Amino acid sequence: MHDDRRPPRSRSLSTWTTRRWLRVGVALSLTVLTALGLAGAWVLQRTETISVDLVDVRSPALTYSFRLEAAMLNEETGIRGYGLTGNAEFLEPYRQGLADQAAYTARLAELLPGEEEALADLAAVNASIASWQEKVARPIAAEPPGSPSALATSLSTEGKTSFDAVRAAMTAQQERLRADRAASRADLTSTFDLRNSVFTAIAAVIALLTVLVFEGLRRGINRPLEQLGADARRIAGGEFDHPITTTGPADLRRLSGEIDSMRRRLVRELAFTEEARVRLDAQAADLQRSNAELEQFAYVASHDLQEPLRKVSSFTQLLQRRYGGQLDERADQYIGFAVDGANRMQVLINDLLDFSRVGRVLNTSDEVDLEETLERTLDALSVSVQEAGADITHDPLPAVVADPTQMGVLFQNLIGNAVKFRRPGEQPHIHVSARREGPLWHFAVTDDGIGIAPEFADKVFVIFQRLHTKEAFGGSGIGLAMCRKIVEFHGGTITVDPNHRDGTRMVFTLAAEPQHGAAASTLPEAVRAGSEAERQAP
């Protein structure tokens with residue numbers, strides 16, 4: 001039965017991150033450089049050791065050996081001259097040679113510690129010297145001066161033999177010292193060659209590591225980043241379907257993958273946005289068509305619907321004038337109901353027409369002096385103001401860029417409501433204030449009338465919403481709805497101040513700079529002019 005189990009695989013190199021590659025590369029580089037540095041240090045130390053041995057040991061030892069030989073020649077010459085002549089002056093070179101011999105042999109012993117063969121040669125030299133001195137030199141030097149020594153003549157043959165032994169021993173020593181110095185020089189030369197090879201290898205390895213580092217950075221970091229940058233620039237240029245190429249170490253591939261995931265998400269969002277834009281375009285087309293239909297409806301309401309309504313109103317008024325008082329009281333009441341209904345219907349249609357025209361037909365932007373607008377409004381409301389005995393004051397009002405007609409309608413509705421909804425039996429006091437805060441003008445129309453309950457603060461701006469019966473207060477329920485539409489068309493807001501007591505305070509804002517509202521009506525000017533004419537017809 002075969003065992004299918006396999007040893008776990010080592011972690012794949014493809015999963016290595018940039019940081020891990022850098023760590024491994026730096027570790028390997030440091031290891032190689034450390035090994036080469038140690039080798040170089042060893043070679044330098046070896047070179048220094050051989051150089052010191054050659055300069056401070058081998059060459060001086062050979063030099064002292066030659067000096068020892070010269071000292072021995074001085075001794076031999078002095079002894080031989082003294083023995084032949086008996087002149088004491090020949091003993092001076094002998095005695096100087098003894099002193100030099102002792103110094104040179106001691107120096108050689110110091111230079112050659114642990115050198116068994118060299119020390120053996122030195123011992124042989126010392127032994128041969130001691131034998132010559134004992135057999136020849138000392139006996140001849142002990143002879144009295146003044147006459148030739150017979151002992152020197154008798155020992156001439158033995159003296160020559162003994163000194164030849166000294167020379168042979170010193171020659172052997174010098175040959176060994178020469179060989180040792182030559183070996184040291186050869187070792188130094190080979191060490192120099194090794195040093196040059198090691199430092200050449202160090203330079204080559206450093207150059208190779210430099211090339212490998214730059215190539216690794218180029219392939220592992222620079223090239224993937226350049227590829228990522230090129231892909232990102234193509235995507236930024238509008239090629240949103242261009243995929244991001246994932247190359248390089250694991251972390252860069254992960255980064256590329258995340259950017260590509262973001263690209264795909266953007267593609268999906270762009271597709272959704274494009275779909276939404278298409279839907280919005282379709283809705284805008286539907287809205288434009290609906291606006292055109294509304295304008296057509298406004299034209300129909302001002303022309304086709306008012307024509308039969310005027311007939312009904314005219315005939316009911318004729319009935320009232322001709323047969324009023326001739327029929328019973330119930331018949332007069334029915335005729336009064338018909339006349340009142342027709343009149344209210346005509347007022348309602350006109351108010352609806354005005355409401356639909358806000359921002360479409362009435363859409364001019366001029367500099368409007370609100371002082372003059374308020375003055376014209378008070379002239380238009382002069383009858384009701386005088387009947388109510390209203391006291392109307394105002395702050396200095398600014399000039400704004402707005403539609404003049406709509407501003408007149410706005411102030412007429414607000415001040416008209418303040419006069420209409422006064423407290424029975426009391427003189428109404430109305431004040432119009434204005435102050436600027438930043439880009440907006442804040443206006444307030446304050447009265448001391450019957451007020452508006454907080455729960456109805458929003459309801460009063462809904463079209464056809466009334467808080468009182470038509471018997472108590474007249475009107476169609478469109479006034480405040482039209483005020484809201486006018487104010488919002490000019491970029492502002494209108495509300496009932498919930499903190500005001502003892503009356504009503506209508507607060508609204510208007511932009512200090514020009515605002516662009518809805519587009520004007522697409523009906524021809526002739527149609528709008530005809531509509532106005534129909535509305536003003538009796």
Original post:
In the range 98-230, if every C-alpha pair distance is counted and binned at 5 Å from zero, what percent goes to each bin?
Top reply: 2, 8, 10, 11, 9, 8, 6, 6, 5, 4, 4, 4, 4, 3, 3, 3, 3, 2, 2, 1, 1, 1, 0, 0
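Taking 10 °C and 1.306 mPa s as the conditions, I'd like the Stokes-Einstein D for the range 381-454 in µm²/s, using the Kirkwood hydrodynamic radius from alpha carbon pairs.
In µm²/s, the coefficient is 118.
Just to confirm the filter: which GluC sites (Glu not before Pro) across the range 230-289 are DSSP coil and have at most 16 other Cβ within 10 angstrom of their Cβ? Mind showing how you got there, number by number?
Values: sites: E239, E258, E269, E274, E275; in loops: E239.
Qualifying residues, ordered by number: E239.
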Original post:
What order do T15, T273 take when sorted by accessible area (1.4 Å probe), most exposed first?
Top reply: T273, T15
Original post:
Counting Lys +1, Arg +1, Asp -1, Glu -1, what net charge surrounds A444 among other residues with beta carbon under 10 Å of its beta carbon?
Top reply: 0
Subject >> Full-extension gain in nm, M262 to S59, via 0.36 nm per residue minus C-alpha separation >> reply: 65.0 nm
Original post:
How much length, in nm to one decimal, is gained on full extension between E274 and L38, taken as 0.36 nm per residue of separation minus their Cα-Cα distance?
Top reply: 78.1 nm
**OP:** For M262, M72, write out the residues from largest to smallest accessible area, computed with a 1.4 angstrom probe and no ligands counted.
**Re:** M262, M72
Original post:
How far is it, in nm, from the label point at T247 to the one at T157 when both lie 7 Å from their Cα along the line to the Cβ?
Top reply: 10.2
Subject >> Protein-only accessible surface order, largest first, of W441, W21 at 1.4 Å >> reply: W21, W441
Subject >> Exposure of L217 as accessible area (Å², to 10), given a probe of 1.4 Å and all protein chains >> reply: 60
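If R0 is 45 Å, what FRET efficiency do you get for Q288 and A331 from their C-beta distance, rounded to 0.05? Can you show the working numbers first?
Working: r = 51 Å, r/R0 = 1.13.
That pair, Q288 with A331, gives E of 0.30.
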**OP:** Kindly provide log₁₀ I(q)/I(0) values, in the same order as q = 0.13, 0.15, 0.22 Å⁻¹, from the Debye equation applied to equal alpha-carbon scatterers of the range 32-167.
**Re:** -0.63, -0.76, -1.21
Original post:
Any idea how far apart A182 and A201 come out in nm if each label point goes 7 Å out from Cα toward Cβ?
Top reply: 3.0
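The values are calculated or read from the model by the stated rules, or taken from the named source; none is laboratory data. Computed from a prediction, not measured in an experiment: that's the story for all the values here. Cβ coordinates were reconstructed from backbone atoms using ideal geometry, including for glycine residues, and neighbour counts include every protein chain displayed. Accessible surface areas use protein heavy atoms only, side chains included; no ligands, DNA or RNA. Shrake-Rupley method; radii C 1.70, N 1.55, O 1.52, S 1.80 Å.
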